[in-house]
Amino acid sequence: MAKLIFKFNEKGGFTVVRNELVNDKKLSAKSKGVMLYLLSKQNLQTEWESNIKSISENFTDGYDSIKSALVELEKNHYLDRVKFKNKVNGQLI
């Protein structure tokens, strides 16, 4: 079972992460930044889009840069990506 690497304050406004993520020498600074961005979204009350395009709109890095950060996070077991099929039209989401 994976270790919990973050927690969020119920009042919002900040995210606390384990030093393990911050000090992991296998991760680039870019990947750490993307992971922190994703973790900051955990306490949102509403749904948010978590596809590469929507994530990259929040960074100066482009689509390919964010994609490579997500691949790096997957490779190092910080992230699991799941594709869902739209029940209406059968497209992968």
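The values are calculated or read from the model by the stated rules, or taken from the named source; none is laboratory data. Note that the structure is a prediction, hence the values are computed from the model and not measured. Glycine also receives a Cβ, built like all others from the backbone with ideal geometry; neighbour counts cover every protein chain displayed. Heavy atoms of the whole protein, side chains included, go into the accessibility calculation; ligands, DNA and RNA do not. Shrake-Rupley method; radii C 1.70, N 1.55, O 1.52, S 1.80 Å.
Some observations on this one:
- Count - residues of region 54-86 that are out of contact with any Asp or Glu (no Cβ under 9 Å at 6 or more places or on another chain), of a type in the set (Lys, Arg) and not in a helix (DSSP H, G or I): 2
- For residue 10, the criteria (1) more than 24 Å from residue 92 (Cβ to Cβ); (2) among the acidic types (Asp, Glu); (3) at pLDDT 90 or above hold in every case but one, which is (3).
To keep it simple, each residue is scored yes or no on (1) among the acidic types (Asp, Glu); (2) at pLDDT 90 or above.
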residue	(1), (2)
46	no, no
55	no, yes
64	yes, yes
80	yes, no
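- Just one of the numbered conditions (1) modelled with pLDDT of 85 or more; (2) open to solvent by 100 Å² or more (accessible area, probe 1.4 Å) is not true of residue 71: (2).
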